[in-house]
Structures are given as structure tokens and as C-alpha cells.
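Structure, as C-alpha cells:
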Amino acid sequence: GHSQQGNNNAYCQDSPLTWLNWIQADDELMNFTRGLINLRQKIPALTTCDWWTGEVASEKGDRDVDWLNAQGQRWSPQQWEQGEQQVLQILLSGSWLIAINTSNCKQTLILPAGSWLTSQPFSLREVQVGTTDYQVRRRTVGVLQQK
């Protein structure tokens, strides 16, 4: 949201080149960034300094991370070894689902068990949630929260 006109060392500049013009700030970008910061603070797996292990990490029996394929199943070692994947679901702390679609097509993904809602700052524009599956727009990241 702020170009420095190609200057690779803006830290040594004290001029309009690096000054932020808050009057012309991109409110939509600032609100989205605020939402990302708020979201990060809510997800336990993103607030710990521990390395994710995939082991049970809560009293509820949730894993800190589960890597899921488009069918909502844990990735097998063979799937990891297949090379580039275009669709990935990451279940964090048992209650937060990150959907990543790097393909050029809208993708339909199977939801893990439970009831899911799109989480702010993401909207229904990126991810449309059904009862057992959801659609993710092409080249999109979205976050869902379990109700």
C-alpha cells in the first residue's frame, strides 16, 4: 500500500519518499490488516512459540495442526511426495481452517466434521460455505472458524 519508487534502502530516507500520507491511506487495506492481526491473536497455534508437531495439543484433544487434502482427510506421506499441490486445508487448534487454492479454478473442498463459518477479515466473496463442503475462489486464501 505504499511504494518507495524502487528505493531499496528507504530506512535512510527522511523525505516525502518514505513519509506515510495517512489522509490518503487505503482504508480497505488497513481494515483487512487489522482483521488479520485480530485473527492471529485468536488462533492458539499462531500465538505459541512452539513448533507445530501434529500431536494433541489441548485438553479437548485437538492437534495443533492437521494438514488436510481437498477431501478433508489427513495428508499421507505419499501425498506430500507428489510435488506441487494446488489445494490445501490447514486445520489449526482444531477450530480454525485455512483454505489455500493456488489453482486457476474455483475449487470445492470437503469440510472437516462440525459447523463452519467464514472468519473475518475474509468474506463470502472468497469462500462460500455449505453444510459439508465449501467453495474457494481461484488463487484465494480463506479462513473458517468452527461454530
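Net charge of the neighbourhood of GLN135, taken over other residues with C-beta under 14 Å away and scored Lys/Arg +1, Asp/Glu -1, is +3. Once the Cα-Cα distance is subtracted from the 0.36 nm per residue extended length, the ALA10 to TRP75 segment shows a gain of 19.1 nm.
One compactness figure for the chain is 1.27, namely its Cα radius of gyration divided by 2.2 N^0.38 Å.
Over the C-alpha atoms of the range 1-65, the Rg to Rh ratio, Rh being the Kirkwood estimate, stands at 1.23. When +1 charges are put on Lys and Arg Cβ atoms and -1 charges on Asp and Glu Cβ atoms, the dipole computed for the range 7-107 relative to its Cα centre reaches about 220 debye. At 1.4 Å probe size, with the rest of the protein present, what percent of the exposed accessible area of the range 2-54 is carbon and sulfur atoms? About 54 percent, which is the carbon plus sulfur part of the accessible surface. Along the Cα-to-C-beta direction of ARG138, a point sits 7 Å from the Cα; which residues of the range 75-106 have their amide N less than 19 Å from that point? Inside the label zone: 85-88, 100-106.
Look at the dipole of the range 13-147 built from charges on Cβ: of GLY61, ILE110, GLN85, the Cα furthest out on the positive end belongs to ILE110. Taking the Cβ of ALA57 as the centre, find all other residues whose Cβ is under 13 Å away and add up their charges (Lys, Arg: +1; Asp, Glu: -1). Net charge in that neighbourhood comes out at -4.
Mean-square fluctuations from a GNM of the chain, with a 10 angstrom spring cutoff on Cα atoms, peak among GLY114, GLY130, GLY83 at GLY83. Given the options TRP67, TRP22, TRP116, state which has the largest fluctuation in a GNM of the chain using a 10 Å cut-off (strictly under) for Cα springs. Highest fluctuation of the listed residues: TRP22. Against the chain, whose longest principal axis is taken from its Cα atoms, helix 27-42 shows a tilt of about 40°. So, in Å, what gap is there between the alpha-carbon centers of the range 1-72 and the range 100-147? Cα centres, the range 1-72 to the range 100-147: 19 Å.
At 222 nm, what value in deg cm²/dmol follows for the chain if DSSP H runs of at least 4 each add -39500 (n - 2.57) and the sum is divided by all its residues, to the nearest 500? Calculated from helices alone, the mean residue ellipticity at 222 nm is -4500 deg cm²/dmol. Take the chain with all the other protein chains still there, run a 1.4 Å probe, and you get 69 Å² of accessible area per residue. Note on the range 96-142: along the principal axes its Cα atoms extend 28, 21, 15 Å, ordered by decreasing extent. Taking a sphere under 10 Å around the Cβ of CYS105 and counting the other residues whose Cβ falls inside, with K and R at +1 and D and E at -1, yields a net charge of +4.
The values are calculated or read from the model by the stated rules, or taken from the named source; none is laboratory data. Note that the structure is a prediction, hence the values are computed from the model and not measured. Positions of Cβ are generated from backbone atoms using ideal geometry, with glycine treated the same way; all protein chains shown enter the neighbour counts. Calculation scope for accessible area: heavy atoms of the full protein, side chains included, ligands and nucleic acids excluded. Shrake-Rupley method; radii C 1.70, N 1.55, O 1.52, S 1.80 Å.
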